[in-house]
Each structure stands twice: as structure tokens, then as C-alpha cells.
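Working notes for the structure below.
We did not get these values from a lab; they are worked out from the coordinates using the rules stated. Treat the numbers as computed from the prediction; the structure is a model and nothing was measured. Neighbour counts run over all protein chains shown; Cβ positions are idealised from the backbone, glycine included.
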Amino acid sequence: MKLKPAVLAIALTGVLGASASAWAADVIKIGEINSYKAQPVFLDAYKRGMTLALDEINGAGGVNGKKLEVITRDDNANPGDAVRLADELLSREGVDLIAGSFLSHVGLALADYAQQRKVFYLGTEPLTDKIVWENGNRYTYRMRTSTYMQTAMLAAEAAKLKKKKWALIYPNYEFGQSSVATFKKLLKQAQPDVEFVIEQAPPLGKVDAGSVVQAVADAKPDAIFNTLFGPDLAKFVREGNTRGLFKSVQVVSMLTGEPEYLDPLRAETPDGWIVSGYPQDSLETPEHKAFRAAYVAKFNDYPRLGAVVGYSAIKSLAAGIKKAGGTDTEKLIAAFKGLKVDTPFGEIVYRPQDNQSTMGAYIGKLKNTGDKGIMVDYHYVDGATVQPSDEEVKKMRGDK
Amino acid sequence: MSSFLVQLLNGLAGASSLFLVAAGLSLIFGVTRIVNFAHGSLYMLGVYIAYSMSERLAGGVGFWFSLVFSAVAVGFIGALIEMVLLRRIYKAPELFQLLATFALVLVIKDGVLWIWGAEDLLGRRAPGLEGSVEILGRNFPTYDLFLIVIGPVVLALVWLLLTRTRWGTLVRAATQDREMLSALGVHQSWLITGVFALGAMLAGLGGALQLPREPANLGMDMLSIGDAFVVVVVGGMGSIPGAFVAALIIAEIKAICIWLGDVNFGPFSISFSKLTLVVEFLVMAVVLVVRPWGLFGRPQGTPRHSGAPEAPLRPAGKSLRWFAVALVAGMAVLPLLQGQFPYALVLSVDLLIAALFAASLHFIMGPGGMHSFGHAAYFGLGAYGAALLMKAAGLPMEASLILAPVVAGLGAVVFGWFSVRLSGVYLAMLTLAFGQIAWSIAFQWDDFTGGSNGMIGIWPSGWANNRTAYFYLTLVLVVVGLFALRRMLFSPFGYAMRAGRDSVLRADAIGIDVKRVQWLAFVIAGVFAGAAGALFVYSKGSISPEVLSVTKSVDGLVMVLLGGVQTLAGPIVGAVTFTWLQDTVARSTDYWRALLGGIILFLVLVFPQGLAGFIHDLVVKLKPNREAAR
Amino acid sequence: MSLLQIRGLQKSFGGVKAVDGIDFDVAAGELLALIGPNGAGKSTTFNMVNGQLRASGGSVKLDGRELVGLKPREIWKMGVGRTFQIAETFASLTVVENVQMALISSHGKLYSLWSRAASAYRNEALELLDQVGMKADADRPCSALAYGDVKRVELAIALANDPKLLLMDEPTAGMAPKERNDLMALTKRLVVERKLAVLFTEHSMDVVFAYADRMIVLARGRLIAAGSGEEIRNHPKVQEVYFGTGKTFEKPLAQEEAAA
């Protein structure tokens, strides 16, 4: 055994890849981990949104005189891979902080990792409430409007309908389960006589739409709360239309107004559903107009919600780093408390009490224009207005 | 009551869809014995091609023509796959073709993404069948009625083709005995190409017919392939009527579950709608336990190896021993090189864990001859075991690392007891079913396992909670594990395992209780997979149902096959190669899946005996003085 | 008392009686041939004695102990070895390892997880191989052997637990004439040396008449004759059953006499 480390080093270069890339002092590196291949619709736009924000920031001279650089990694929709990649980004690429994740369980794994390794983590898109409450920690902030917040917005609309008998349809995993649990709780508070006549929880991606639609119809509800999305939503909508389910029943549906899920419905779009979403085509606030124009100019395509999230995430990080005067973890944590960021949806604030941003969502109605669906009669609900009380938050978070 | 009847009708429509995908798979399975993972991808292609055509061609004729065109096109693609790829590797060790079809899945998925983009594509309604008819006071989609008819029609056509034509007679003969057929002088390769094309065409048709019911999307391949396998196995491999009956049973049970919804039994409430997550695998497990060859299947003859027989085990020669020592020593100094290779430690932990996992699978798959398609179950049981022992029972890392493999071993005691009663593909499918059942329990049991989110905060004890220490811990445990597995293969028990695989009759005639040997092998493999799982969970700090998923099981299969199932170093070489490739390739391009698939296809074609098998053969060839081992 | 006693042995497959109540005995030191035309029930009888098939009725007793209902491996433990019509060996083991495997099993060491199998009972195994003339090939892969050699290895495997009774299903099928005689001469020697009882089925009549001490004839599941070669040859029922192929009874014998 006379292998010298140097010899091994050379041998290993081929196997394990080159060592840490040059550590440029004038660059701030952000490690971004996401399920790019598993969720391509949302995340393609997300990546473009990040690019747009980066160009704007670096074009204006960067942050604190340093350029921002984002290094992306595909976690293959697997928390184990995500943690390894976080390790890789930190150890080899020398990133200053980590961000990203679409899937809730990946987000939770990264949040826990951040706490363990004492790095700053901005969960950009994962919706789970746990990431800021039960499993929240001081290293983890979350930008996107959470499941609870979106549900609360819709529950408020649902209460206005004064419908008594509700059907609940949701994909059988944590997002679906917690959205429905929250919906039931909030609606019951607002309207004690409400009755939930049927619950259907098909497996994600595998809804037997015909059977589910009929089971719901047979339960004779006055209204439906739905959190199916993606292919499941399209199947459900088509079967529901064909079988006449939506004729006499009001539907309240989560995420359905997001272009990612609304656009594929095309001529099938059901009229009058109350949805949460992002009316990109008609939203004419100054912030959004500027954002949309820049996006269209750069990519020759209209923005999806993913673009807004990716864009706002980078803007948030830039603002946070600027306020902290660097990328020191403790300073970042402090800087994000109460941090104000301008986004295409207007100003958002990172709440000091639970590290959740106040990014809101648009609540409106679906309208079928003949060949596609759009959102009409919408209004923006500020995320700050749909939170549980601070005591409740404190209880859930413990003293983290 | 009427609601129940209409639900049964819904089930019928679902059955037709299921049957169409499964029928082609069953044909291919029956004749070629190829576990075609890419069948779901062919189905997905069917939907996408039909979508593109029907968007371009106007009118009713155009729409229906699009569906037929799509089926034919997919059939053509199937023929191409068989001729260009699979035909070259029929002589490889059993199951190796699975690796090629796995690579195809990756390539096709990225190809579809590249051509059609990421957005879901919802097709038009079928012209003439847009609306609904009233049945028992409910609107029932006309198109579903059409589907209810088309399933039996296709069944009848395929049945006629198989029973009333000479070609069909040959295909049926090939399903029974391929060797016999070649002895009769039938030109096999064209027959097989034909079967593959027909099977692919049925998959394409099945996909195309779904166009008015669901949007073309990138998840269809994986979601359909599981169902298709279940239907084929429940019906009995190679039996088309069996596939139909199985599709009917499964679709109806699902429809009934949805109809039942939430039912209260005294204080307990069962959500049958949530049960649809796993119901097909429950059906498969029950059917296989009761009828080991599916409903309409016949007992398989002892499969005759088409490839070369495995060479006898030789103890490691001097050079190999030194190489192993040097490798371990080389790894042991890695932490000293953290400055130059900061990521090496991180990746090495994953590589080591993958190697132990793959070696444990190889233990039963190679020497044991039992192809487990659900090996993730034991990895996952070990991982969840460790996590729960820590979180729920409050044990420290050290204790849970020791006890978690026991948990996995106990799982293997139960699953193995049922599994060893079967053999061949049926055994593989029963292990898959158990794996899926274990997965669904972890996925559903929120209070205990954390449900789909899993659990977090499972970090090593203080002394091991840094990269270097945990790396050493993993290195030591994995090296010990690999050594133990190897040692056992050279023990009387290891020999008995191979003896039982080589000849059940002979083994039984010299007093070997083959089932018991296999059962114990299952448990041992489970224990070591569990150890790998436990090491995994502490290296990540969190756990979620992915560790129990089919993907994880398939990864294991890929590693073993890539390295070479007939060599002892195979799983280690395969695990390291695959994990490293995935890590590297994923970073180098957006279309990393296609690249990874392409690399695997290349390796498959160049090294049909696996990487380690290739090296082994090379070494043997370079030593002409020793008798060639094969 | 004879070593193996078979009384009223029956087997039916879905109403068809493959073996319909047969009786016979095999004594220690006796080489008994079980013959009969195709479909007579020879293999079925064989597989019932060995436990591979469960008898529908009757009894099979070895040294007075009932074998019906036992599994092959249990019957093996009682001292019954067997060879198969198409030789069954372990293709991925070497020749000597094949025999070692049987020895490991007979010593009850199958579940030993840590010792080295390659050195277990190697000398005994080599001795057995020596007896069948295969010692020189001990370390070759079994899959590389000529078929005749595989049959000899199989014999060595069958002898590993020092059986009292050896069942040989068409021991010379697929072998060249020279190999046949060698193998049967070897078997005969073992019978004499070890006081072994051998029950074998055989298609090749020259082998039967040259080596069997006694023979029994099965036809359509019934035992129609038993006795020495001379008795069988002249038995009217046997001639009837073998009508049309009857000549095979005379010819090989004539050849053998000529050769002698």
C-alpha cells in the first residue's frame, strides 16, 4: 500500500469530478434545487423567471457590488437526492445559501437539512403548511402562498355561497388532505350548519374520473370543493361536463386558475367555477404589466405562475442579501424578518412570526371564451389577511 | 341501486382501457419472456401521436383515422425497437432485456418532452360521440359506451388471430415452448418481431383511445405500466382472455371502492376511495397467493436459460484481493482529500449505500435465482424502522442502526414466506405487489409514518454528525456487509441456494428444502437491504415514501443488471456506475434522462454480460493457461 | 424381508389410472429392472417411490417404514438416492462441488452461513468421484462435461449419503453403447460391493438383459410379469405387450452372445 494521496487525487479527479470551482469573490452563489424534470410545466417557466430576475439585478450592477449567480440542480423529485445535491452545492460549488423545491416533502427535507447544516434556505414553491409551522425552523423561509392561505381565501368565498351540502375531492396525499382539512375547519367556523356529504380522494395522477364524478353526483351536493390539478383536473372536468355534474352545482377549486392547469382545459373550461390562480392575460397592475412585458420580450411567450414565483424568489433573495449586507447565515435570517420585496403581485413581506411571505393569490371565476378559459371578476387577496392568529402560529411553531 | 349499476358500467369502460394496454404486454411477455418496461411509454406515445394527428386533421374521419394511424405508428416503433435493440440481446442472461427497456423509458420520456413540450395536451372529444345518453336517470358518456364495446371487440379479434391463423398457432406454440418452436424450423426472429409489433400496436391503440378521456401527459408511461403488469399477471401471463377478465375484475373493484366511499364499521371508518391507491396490488397479491400462475395462466415449465450457464464461484485471486484492499484503503483516505474533492465524501456515502442495497438484491436475484421487483420494501423498512425507532421509540442512532435491519428482516420473513412459493415472473410480481403495499402503508399512515411528507429530523448521534465521521461509519458498515454477503455465498448455505436455483429436482433429491433455503435467503437479503436503508436515512436526515417506491426497486434491478448478475462484483460495479452516472449526467444537461438512457443502451449493447461480467470474461481470456470458466 | 416393499400402489390423474395397484419387492444387493412400453407407468411408479409424486393409494415401505406421503428430501434422508432420466446436476457448481453439496446436506450443514463450502467434505467427494471414474474432472464446471460424464457425476451425487436403495430412471438414456456398458458395469459393481439395492427403468433391452438380476414388466399401469431374463422373454403376456417390437428381445441378446 504505497499509494500516495497525490496519485489518488489524480485518479479520483476522473471519478468524482473536478474540485470546487474557482471561488470568485465578486460573485454570490445561490444553489437552487428543484424537480425540473418531474414538474416541467411549472418549473420551465420558473427557470425563465429566475433568469429574467437575474438579468435585471446583474444588469443594474448586482447586489452590494457583487453579481448573483444561480446554480440549478434537478432533484429527480426525490428528497434523498435533494439533500445530496444540497451537500454538493455547499461543498463543491461553494454556494452561499440554498433555495427552491416544488414538492412538499422535498421542501421539508431541505428545510430540515438547512437547520442541521445551519444554512439559509428559501423554500420557493412547496405549499405545505408544515414547512413554516409544525416543522418550521429559523433557517427556513417560504415565499409561495401556502396551502392554508389559499384554502382560507377560497373558504371565505365558499362561505358567501351559503351552500349547505358540500362534496370534497382531492388528490390522496398531504397537499390534498391538508387543504380539505383546513377547508372543512374554516367553513364549519363560518357556517356551522354546513354538511360534508362525500369525500373522494383518488390517487395522484390516477383519478377514475367517471366513477368519481358519478359518486359525487349521486351524493347530491349543493357545492364542490376541489383540489385536483394537472391531468387529474382535466379528466375530472371533462367527465363532469359530459355527465352534467356542474350544471346545478357550484364548484370552488384550488389552483385551477393557474395558467399551468387552466390552459390545457381549452374549450373544456367550466364556466363559473370559483378558483385561485393567476390571470396573467388581463392583470394590468403596473408591477405586473412591467413584468409581463419584460418576460414576453425576452422569451416570446406569456408568463405562467412558475415565472412569477421564480422571478420573485430571486428578487427576494437579492433584497435579503442587500439588507443583510452579505450572505452570512445569521445576518440573512435577521434580514429576512420583515423583509419587503416588490414582486409582480405587488409588495410582499416575510412575516417575522413564522418566516412566511405574504404573497397572495388571485381569486376569481372561470370563464370559457369558446376556445380557452380565462379568469374574470378576480381580486387579489393579500396573504397577510388569511393567516391564523399569531397565538395559533406560535403554538404550532413551538419556540423555533 | 341504480347508482351501483351505473358504477359497474363505469367499471366496464375502465376495464376496456386497462385491457387494451395489458393485452399487448401479455402477448409480448408470453412469447418473448421480456419484461417490457417500455410498454407504458408506447402507450404514452399512442396518446401523443393521436393528439397531434387529430389536431391537424379536421372532421370526424380525420379524428378516427388519427387513432388508427397512431396505433399503426406505435406498432411500427415497437417493431423497430425489437429489431434494432432487443434482438441483439436475447442471448444475454435472463432479465437483461429489462435493462434495455428501462433505458428506453428514459429516452422516450425525454423524446416526448422534446417533441411535444411539457404542457398537458387535452384532445378533442370524439366526433359523433361527444355527448351522453341517459341511463337509469344519469348522463352516461357515449364514448364510454363505445369503449365498453371496443374492449371485447379487440379481444375477439386478437383471439381469432391467435386461434384461427397459422401465425397465431405459432405464437401460441411459442408461448408454451420457444425452444420447441425453433426445433420445428420456424423462423423465430420474424415471429417475435411480429408479436412485438402487434403488442406495441395494441398499446398504441389503447393510448389513442384514451385521447378523449384524458390529456396526453408525461406521467402516463409510469402510471400505466404498473396497472398493465398487474392485469397481465392476475390474468395469467400470455393469456389474452385472462387479461380481459383481470382488467374487468380490477376496474370493477375500483369502481365499487369509489361507490362505497367512506364506510363506518362501528368505531372504525374505512375510506374505500383512498384504497384505490393500492387496490390493484392487493388484488394481485391475493390472486398470486391463491393461484400462483394467475387466473388463466398455466404453470410455467422450469425456465431454461437461453444464455450461457453461470461459471462456478472461484474464491478471489490474489490480485482481486489486493485490489479490494487497495480500494477500501483508497476510500479510507478520502477524508484527507476533502480540500481537493469536497463532494467525494458526500457522493461516496450514497455510492456505498447503493452498493450494499444492490448486493443484497443480487444475493437473492443472482445466486438465489429469485427476481425481486420489490426490493425497496426492505430498504424502506430499514429506513422507516430506523426513523421510527429514533422518533417514536426514542432510541439513539446506534441502537436503531442495529435494530432497523431486524425490522426489515421481519418484513422479509412475512413477504418471503409467500414469495418463495412462486417462481419466475410470478415471484417477481408478488414481490412487486408487497413492495407497493408497503409503500402505500407508509404513504397513508400519516400519524405513524408521516404519510406522503415522511419524517424529518433523523440525524446521526453527535459523534457521527459530521461528514467525515458518518462517511467512516458507512464505509465500515458497508464493507462489513458486503464481505458478509460474499462470505455467505461461499458458505454451504450459499451453495445450497445456487443448487436450488440450478435444479430444484436434484436439490430436493439430495435433501435440500429449496423453499426454506430461499426463504432464509430472502430474510438475509432483507436484513442487509434494511441496513442500507438505515444508513441512508441518517445520511439524509429525512425519509419519505420514495424509499419504498417501485422506482427504488427498479434502480436496484438496474444496478444489478448493469454490473452483471452472474458475477459477485457485478452489483457493486453496477451500483457505483449507475449512481455516479445519474449524479453526473443530471448535472450536465437538461435532457439528462435521455442521456442516461442512451448511455445505458450503449452499455447494454456492448456489455450484454454486464460491466463486471465483461471484465471477468476479459480476465479469463487473458489467462489462457487456466481453463476458461465458461 | 426385502428392503423395498410395494403393495397395491396406485396413481390416477383425473380419473385415468396411470398405475393401477402394483406389488413388487426389491432386496438388498439386487439390481431390479422395471420395464414396459411407453406410457406403461414406469416413470410414475418411480416418482412415487421417490416421493416426487404422491401415490393415490397403496404403500411403499423401506425397511418397513412407510414412504407414501413423505417428500423427496425426507425419503432421501432415509437412504434412497436417485438419478434422473435427463441428468439433473447443478450447472454452476464444479463436479466435485456437486458431490460436496450432497455430502453437506447429508451431514446437516446446509444452513451453515460462515464456513467455506469449497473445503467441506472435499476428500470424501473426491473418493466418490474416484469410484465413478470422474476424479480427474473434479474441478471442471459441471456444465462443461459430456453427457455421459454428467450421468456418472449424478451417480456419485446419488451415492453421497450412502443410500440403501438407488433409483435410476433410464440411467443410460442418451449415452453411447460403450458408455452404457461402463456405467452399468459400475452400477453392478456398487450393488455387489455395497450390498446396494437398485431399481431402474430402462428402454434399452440389451442393458436390461445384461445387467438386471430380475425384472418386472408394467403395461397400462399393471404389473404383468416378473422374473429372470429367461422367464420374461418367454412370458406370453410380455410378448403380447411388446408385439411388433418383440424382436428387440431376441436381437440384442443374440448380439451379446455373439460378442461374448
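Under the criterion of Cα pairs below 8 Å and six or more residues apart, the relative contact order for chain B equals 19 percent. Spatially, region B:55-110 and region C:159-183 are offset by 52 Å when compared through their Cα centroids.
The mean count of C-beta atoms from other chains within 10 Å of the C-beta of residues in B:7-19, rounded to a whole number, is 2. Using a 7 Å offset from Cα along Cα-Cβ at B:Thr169, what residues in region B:235-277 end up with backbone N under 14 Å from the label point? The answer is none, because no backbone nitrogen lies closer than 14 Å to the label point.
Once you mark the chymotrypsin sites (Phe, Trp or Tyr not before Pro) that are in a DSSP loop and have at most 16 other Cβ atoms within 10 Å, what is the longest gap between them in chain C? Longest stretch, sites excluded: C:115-242.
Label positions at C:Leu113 and B:Ile115, each projected 7 Å from the Cα along the C-beta direction, are separated by 5.1 nm.
Roughly what angle does helix A:209-218 make with the longest principal axis of chain A, taking Cα atoms, 0 to 90 degrees, to the nearest 10? Once rounded, the angle reads 40 degrees.
Between 0 and 90 degrees, the angle of helix B:342-365 with respect to the longest Cα principal axis of chain B falls at about 70 degrees.
For A:Lys235, a cut-off of 23 angstrom between C-alpha atoms picks up these lysines, skipping any fewer than 8 places away in its own chain: A:Lys37, A:Lys206, A:Lys220, A:Lys247, A:Lys365, A:Lys367, A:Lys372, B:Lys109, B:Lys254, B:Lys274.
Straight-line reach from A:Lys298: which lysines have Cα under 19 Å away, leaving out those fewer than 8 places along the same chain? Of all the lysines, those that pass the test against A:Lys298 - Cα under 19 Å, at least 8 places apart if same chain - are A:Lys47, A:Lys289, A:Lys315.
Shape class of region B:240-352 from the Cα gyration tensor (axes a ≥ b ≥ c, square roots of the eigenvalues): oblate, since a/c reaches 1.5 or more and a/b does not exceed b/c. Here B:Trp190 and B:Ala469 are evaluated by their C-beta separation; at R0 = 60 Å the FRET efficiency comes out at 0.50. Within 10 Å of each Cβ in B:344-353, how many Cβ atoms from other chains are there, averaged over the peptide? Counting Cβ atoms of other protein chains within 10 Å of each residue's Cβ and averaging gives 4.
Rounded to the nearest whole Hz, the Karplus-based 3J(HN,Hα) values (6.51 cos²θ - 1.76 cosθ + 1.60, θ = phi - 60°) of region B:492-508 follow the sequence x, 4, x, 5, 4, 5, 5, 4, x, 6, 5, 7, 5, 4, 5, 4, 5, with x at glycine and proline. Tally Lys and Arg at +1 and Asp and Glu at -1 over the other residues with C-beta under 14 Å from the C-beta of A:Lys322: what net charge comes out? Net charge in that neighbourhood comes out at +2. Relative to the longest principal axis of the Cα atoms of chain B, the long axis of helix B:318-332 lies at roughly 90 degrees.
Taking 7 Å steps out from each Cα toward its Cβ at B:Val133 and B:Ile441 produces label points 4.6 nm apart.
If you put +1 on each Lys and Arg Cβ and -1 on each Asp and Glu Cβ, how big is the dipole of the protein assembly as shown around its Cα centre, in Debye rounded to 20?
In debye, rounded to 20, the protein assembly as shown gives about 1380.
Within a Cβ distance under 14 Å of A:Phe225, other residues only, what is the Lys/Arg minus Asp/Glu net charge? Charge balance near A:Phe225 sits at +3. Here the peptides B:190-200, C:134-144 are ranked by packing, the mean other Cβ count within 10 Å, and the order with the highest first is B:190-200, C:134-144. Working from label points 7 Å from Cα in the Cα-to-Cβ sense, the A:Asp377 to B:Trp64 distance is 4.2 nm. Peptide B:534-547 has a mean of 5 when you count, residue by residue, the C-beta atoms of other protein chains within 10 Å of its C-beta.
What ranking, highest mean first, results for peptides B:23-30, B:554-561 when packing means the other Cβ atoms within 10 Å averaged over each residue?
By packing density, highest mean first, the sequence is B:23-30, B:554-561.
Note on chain B: helix-only mean residue ellipticity at 222 nm, from DSSP H runs of 4+ residues weighted -39500 (n - 2.57) and normalised by residue number, equals -23500 deg cm²/dmol.
Calculate, for B:Leu336 and C:Ser2, the FRET efficiency according to 1/(1 + (r/R0)^6) with r their C-beta to C-beta distance and R0 51 Å; round to the nearest 0.05. For B:Leu336 and C:Ser2, the calculated efficiency is 0.10. Assuming R0 = 60 Å, what is the FRET efficiency of A:Asp55 and C:Ala176, from their Cβ-Cβ distance, to the nearest 0.05? Working from the Cβ atoms, E equals 0.10.
Once you have a ≥ b ≥ c as the square roots of the Cα gyration tensor eigenvalues for region B:440-530, tell me rounded if a/c is under 1.5, and otherwise prolate or oblate according to whether a/b is larger than b/c.
Because a/c hits 1.5 or more and a/b fails to exceed b/c, region B:440-530 counts as oblate.
Other residues with beta-carbon under 11 Å from the beta-carbon of B:Gln518 carry, at +1 per Lys or Arg and -1 per Asp or Glu, a net charge of +3.
Using 0.36 nm times the number of residues separating B:Asp262 and B:Leu505, minus their current alpha carbon distance, what extension gain do you get? Taking 0.36 nm per residue and subtracting the Cα distance, the gain is 82.4 nm.
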